[in-house]
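Reading through the C-alpha coordinates given below for one structure.
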Amino acid sequence: MSKVLWVVQALLAVVFLFAGGVKFTLPAEVLTAQFPVTVLFVQFIGACEVLGALGLLLPSIFRLRTGLTPLAAAGLVIIMAGATAISLAIGAGAAALMPLALGLLAAFVALGRTRLAPLSESARSPRLQPAS
(Lines give C-alpha, C1' and ligand atoms only; values in the text may rest on other atoms or scores of the structure.)
Protein backbone atom coordinates (compact mmCIF):
# COMPACT_ATOMS: atom_id res chain seq x y z
CA MET A 1 0.00 0.00 0.00
CA SER A 2 2.86 2.34 0.77
CA LYS A 3 4.24 2.01 -2.78
CA VAL A 4 0.85 2.79 -4.28
CA LEU A 5 0.58 5.86 -2.09
CA TRP A 6 4.06 7.00 -3.15
CA VAL A 7 3.09 6.73 -6.82
CA VAL A 8 -0.17 8.62 -6.30
CA GLN A 9 1.60 11.28 -4.23
CA ALA A 10 4.22 11.78 -6.95
CA LEU A 11 1.65 11.98 -9.74
CA LEU A 12 -0.50 14.43 -7.80
CA ALA A 13 2.55 16.53 -6.98
CA VAL A 14 3.49 16.78 -10.66
CA VAL A 15 -0.07 17.71 -11.66
CA PHE A 16 -0.45 20.34 -8.95
CA LEU A 17 3.02 21.83 -9.50
CA PHE A 18 2.16 22.21 -13.17
CA ALA A 19 -1.37 23.54 -12.57
CA GLY A 20 -0.21 25.98 -9.91
CA GLY A 21 2.73 27.16 -11.98
CA VAL A 22 0.54 27.79 -14.99
CA LYS A 23 -1.64 30.10 -12.91
CA PHE A 24 1.37 32.37 -12.44
CA THR A 25 2.56 32.38 -16.06
CA LEU A 26 -0.65 32.86 -18.04
CA PRO A 27 -1.93 36.39 -18.76
CA ALA A 28 -4.76 37.69 -16.58
CA GLU A 29 -7.30 37.61 -19.42
CA VAL A 30 -6.70 33.91 -20.00
CA LEU A 31 -6.98 33.09 -16.29
CA THR A 32 -10.35 34.75 -15.84
CA ALA A 33 -11.84 33.86 -19.26
CA GLN A 34 -13.22 30.48 -18.19
CA PHE A 35 -14.24 31.08 -14.58
CA PRO A 36 -16.01 34.03 -12.96
CA VAL A 37 -13.29 34.78 -10.39
CA THR A 38 -10.61 37.44 -9.96
CA VAL A 39 -6.99 37.08 -11.05
CA LEU A 40 -5.80 37.35 -7.45
CA PHE A 41 -8.06 34.50 -6.43
CA VAL A 42 -6.76 32.31 -9.25
CA GLN A 43 -3.17 33.12 -8.28
CA PHE A 44 -3.98 32.37 -4.63
CA ILE A 45 -5.34 28.98 -5.68
CA GLY A 46 -2.18 28.47 -7.75
CA ALA A 47 0.00 29.18 -4.72
CA CYS A 48 -2.07 26.75 -2.64
CA GLU A 49 -1.68 24.08 -5.32
CA VAL A 50 2.10 24.52 -5.44
CA LEU A 51 2.36 24.43 -1.64
CA GLY A 52 0.07 21.39 -1.54
CA ALA A 53 2.26 19.61 -4.09
CA LEU A 54 5.35 20.33 -2.01
CA GLY A 55 3.49 19.16 1.08
CA LEU A 56 2.69 15.85 -0.59
CA LEU A 57 6.35 15.03 -1.16
CA LEU A 58 8.81 16.93 1.02
CA PRO A 59 7.72 15.73 4.48
CA SER A 60 7.55 12.17 3.20
CA ILE A 61 10.92 12.31 1.46
CA PHE A 62 12.79 13.87 4.37
CA ARG A 63 10.75 12.06 7.05
CA LEU A 64 10.27 15.33 8.92
CA ARG A 65 6.84 16.42 10.09
CA THR A 66 5.25 13.54 8.19
CA GLY A 67 1.87 14.50 9.57
CA LEU A 68 1.88 17.40 7.12
CA THR A 69 1.49 15.08 4.13
CA PRO A 70 -2.12 14.06 4.88
CA LEU A 71 -2.92 17.68 5.75
CA ALA A 72 -1.58 18.84 2.39
CA ALA A 73 -3.65 16.16 0.68
CA ALA A 74 -6.75 17.26 2.61
CA GLY A 75 -6.15 20.86 1.56
CA LEU A 76 -5.97 19.76 -2.07
CA VAL A 77 -9.25 17.87 -1.60
CA ILE A 78 -10.88 21.14 -0.52
CA ILE A 79 -9.47 22.98 -3.54
CA MET A 80 -10.65 20.26 -5.91
CA ALA A 81 -14.11 20.22 -4.33
CA GLY A 82 -14.33 23.94 -5.05
CA ALA A 83 -13.08 23.45 -8.60
CA THR A 84 -15.65 20.71 -9.18
CA ALA A 85 -18.44 22.89 -7.79
CA ILE A 86 -17.46 25.88 -9.94
CA SER A 87 -17.25 23.68 -13.05
CA LEU A 88 -20.72 22.32 -12.39
CA ALA A 89 -22.10 25.79 -11.60
CA ILE A 90 -21.01 27.20 -14.96
CA GLY A 91 -22.45 24.20 -16.79
CA ALA A 92 -19.20 22.43 -17.65
CA GLY A 93 -20.18 18.97 -16.43
CA ALA A 94 -17.50 17.10 -18.37
CA ALA A 95 -14.83 19.54 -17.16
CA ALA A 96 -15.82 18.73 -13.58
CA LEU A 97 -14.58 15.15 -13.94
CA MET A 98 -10.86 16.05 -13.77
CA PRO A 99 -10.98 17.99 -10.48
CA LEU A 100 -13.31 15.34 -9.08
CA ALA A 101 -10.82 12.58 -9.94
CA LEU A 102 -7.88 14.58 -8.55
CA GLY A 103 -9.85 15.28 -5.38
CA LEU A 104 -10.60 11.60 -4.91
CA LEU A 105 -6.93 10.71 -5.38
CA ALA A 106 -5.94 13.38 -2.86
CA ALA A 107 -8.52 11.99 -0.43
CA PHE A 108 -6.98 8.55 -0.93
CA VAL A 109 -3.56 9.96 0.00
CA ALA A 110 -4.98 11.76 3.04
CA LEU A 111 -6.67 8.59 4.27
CA GLY A 112 -3.76 6.37 3.31
CA ARG A 113 -1.11 8.43 5.05
CA THR A 114 -3.32 8.81 8.13
CA ARG A 115 -4.60 5.27 8.62
CA LEU A 116 -3.54 2.74 5.97
CA ALA A 117 0.21 3.35 5.67
CA PRO A 118 1.31 6.25 7.85
CA LEU A 119 4.90 7.40 7.60
CA SER A 120 7.06 7.47 10.68
CA GLU A 121 9.65 10.11 11.26
CA SER A 122 13.20 8.84 11.11
CA ALA A 123 15.32 8.76 14.19
CA ARG A 124 17.41 11.88 14.43
CA SER A 125 21.15 11.58 14.48
CA PRO A 126 22.90 12.61 17.70
CA ARG A 127 24.22 15.74 15.97
CA LEU A 128 20.67 16.97 15.43
CA GLN A 129 19.50 16.32 18.99
CA PRO A 130 19.01 19.45 21.04
CA ALA A 131 21.50 19.97 23.84
CA SER A 132 20.15 19.18 27.27
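The values are calculated or read from the model by the stated rules, or taken from the named source; none is laboratory data. It should be emphasised that the depicted structure is a prediction, and the values quoted were computed from it without experimental measurement. Please note: Cβ atoms are built from the backbone with ideal geometry, for glycine as well, and neighbour counts cover all protein chains shown. Side chains included, ligands, DNA and RNA excluded: accessible areas come from the protein's heavy atoms. Shrake-Rupley method; radii C 1.70, N 1.55, O 1.52, S 1.80 Å.
Taking the accessible area of the chain, probe 1.4 Å, and keeping the other protein chains in place, the carbon and sulfur fraction comes to 74%.
Here the 3J(HN,Hα) profile of segment 104-110, calculated from phi with Karplus coefficients 6.51, -1.76 and 1.60 at θ = phi - 60°, is 5, 5, 5, 5, 4, 5, 4 Hz, Gly and Pro shown as x. Relative protection proxy for 40-47, 52-59, from highest mean packing down: 52-59, 40-47 (other beta-carbon atoms within 10 angstrom). Charges were assigned to the Cβ only: +1 to each Lys and Arg, -1 to each Asp and Glu. The resulting dipole of the chain about its Cα centre is roughly 580 debye.
A simple spin-label model places pseudo-atoms 7 Å from Cα toward Cβ; at A85 and L71 they are separated by 2.3 nm.
Report summary: the helix-based calculation at 222 nm, which adds -39500 (n - 2.57) for every DSSP H run with n ≥ 4 and divides by the residues of the chain, gives -23500 deg cm²/dmol. Taking Rg/Rh (Cα atoms, Kirkwood Rh) as calculated from this structure, the corresponding entry among (1) 1.07; (2) 1.19; (3) 0.95 is (1). For I61 and F35, a Förster radius of 25 Å and the Cβ-Cβ distance give a FRET efficiency of 0.15, rounded to the nearest 0.05.
In sequence order, segment 84-92 has phi-based couplings of 5, 5, 5, 4, 5, 5, 8, x, 9 Hz under the Karplus curve 6.51 cos²θ - 1.76 cosθ + 1.60, θ = phi - 60°, and Gly or Pro positions carry x.
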